[in-house]
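Participant: I have a structure I would like to understand better, so I am pasting it below and will then ask my questions one at a time.
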Amino acid sequence: MDTKLLKKSLKLFTVFFRIGMFTFGGGYAMIPYIEHEIVEKNKWIESEDIIDIFAVVQSLPGVIAVNSSTFVGYRVAGLLGAFAATLGVILPSYIIIAIIALFFYNFRNYPFVNEAFYGIQAGVAALMCNVVYKLSKSSIKNGFAIVLALSAFLALTIFGAPAIGVLLIAGVLGLAASTLYNVKNKEEPTK
Amino acid sequence: MNILLELFLVFAKIGLFTIGGGYAMIPLITQEITQRNWLTLEGVIDIIAISEMTPGPFAINSATFIGIQQAGLIGGVAATMGVATPSFIIVVVVARYFTRFKDHHIVQGILSGLRPAVIGLIASSTLMIAQNAFYITGWEGWAKLLSAVDWRSIAIFALGLVGIIKLKIHPALMIIISAALGIIFFTWL
């Protein structure tokens, strides 16, 4: 095997391990770390490419933090690089969660932990409200989107519909609506 | 079915249908995991809280946590690999062939339907989580909507909303503050 690729992949692993260790609060929190480690320190990728990569991986299944690591790894050192970066970014949380999972249920019986978790549950509810609010502001821009969001909400809340089924139907409806829209505007050239 | 294979497959399914970040996964996790009795809704909320306080995405953390609880450290590996494998394959293929993937009109069309639906699903999970948080002795129906609610939880929820929307405090810090308030309110009020 190409030793240069192997060396690069090892480096990718350690860089993304560090990134994985310090990424609190989801995918976008990673961007500054990636900029620092990948663009400035190692000059593996241009800064504009990082933004493009984040735009692309958002529309793919999976977690943004992991997807962007895979993508950057692939760009830098092919399949081996993608594997090294992905493993690197996942491993820190695996280790931390393993420690918590192995000791968690003992810890759950300590005094005050139950009371703390009553508080945490209310806090998580507030956090989730904020997520829904922020996502709605950025992604719900027309009547079609409002109807879809409400239907999905009701399907799950009232009828207990399977989430995957709701997503499949929504994807098909989105495709159908945008195709109809494009056909209607055929005379006007669209980019 | 072998438990390791089952963990891998269930989390691969969850990974494949998680579009739009970790929170989009909460409705899926809740359905798939609670149906199998792998975790209760309280357990799911615990993992959300743990994920906010530890590095790493919720999707990975919950797979690791549930995998380890069901089948030890190797179960954690199976579930984590499961949740990561579908997107790994897809991202590599996209990185290889479609640099302009996001601009493709078919992808755009599908996404225009998926994005709002995901928000509706997350809203539904939010409601479930709030209901669970506000009625700590359990939901007793619409007739007891106001009498069964725990006002201490509502107070922490309201403070949390102000903290995160107005004061923009970090989610991890907010979870720590909520825990402290929980100890104070539920021990002494």
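Participant: Would you be able to say whether some residue in segment B:6-25 is in a helix (DSSP H, G or I), at the interface with chain A (Cβ under 7 Å from one of its Cβ atoms) and among the β-branched types (V, I, T)?
Facilitator: no
Participant: Here is a further query. For segment A:83-113, give me the residue count where each residue is more than 7 Å from chain B (Cβ to nearest Cβ) and of a type in the set (S, T, Y).
Facilitator: Looking only at that region, the number is 2.
Participant: Pick out, from segment B:51-169, the helices (runs of 4 or more DSSP H) lying fully within it that include 1 or more residues that are free of Cβ contacts under 8 Å to residues at least 24 places away in the same chain and under 28 Å from A:I53 (Cβ atoms).
Facilitator: Passing ranges, in order: B:58-97, B:105-134.
Participant: List pairs: first in segment A:114-142 and more than 7 Å from every other protein chain (Cβ to nearest Cβ) and closer than 20 Å to B:A117 by Cα, second at pLDDT below 90 and part of a helix (DSSP H, G or I), Cβ under 8 Å, 6+ apart or cross-chain?
Facilitator: Within 8 Å, the pairs are A:Y133/B:I165.
Participant: Of all residues in segment A:1-32, which are modelled with pLDDT under 75 and of a type in the set (F, W, Y)? Give the derivation first.
Facilitator: First, the residues of segment A:1-32 that are modelled with pLDDT under 75: A:1, A:22-32.
Residues satisfying the conditions are A:F22, A:F24, A:Y28.
Participant: In addition: Determine if segment B:41-50 includes at least one residue that is touching a residue at least 60 places away in the same chain (Cβ under 8 Å), closer than 14 Å to A:Y94 by Cβ and assigned to a helix (DSSP H, G or I).
Facilitator: No - not one qualifying residue is present in segment B:41-50.
Participant: Quick one: how many residues across segment A:65-82 are surrounded by fewer than 22 Cβ atoms within 10 Å (Cβ to Cβ) and at the interface with another protein chain (Cβ under 8 Å from one of its Cβ atoms)?
Facilitator: 2
The values are calculated or read from the model by the stated rules, or taken from the named source; none is laboratory data. Please read these numbers as outputs of a predicted model, since none were measured by experiment. Virtual Cβ from ideal backbone geometry, glycine too; neighbours counted across all protein chains shown.
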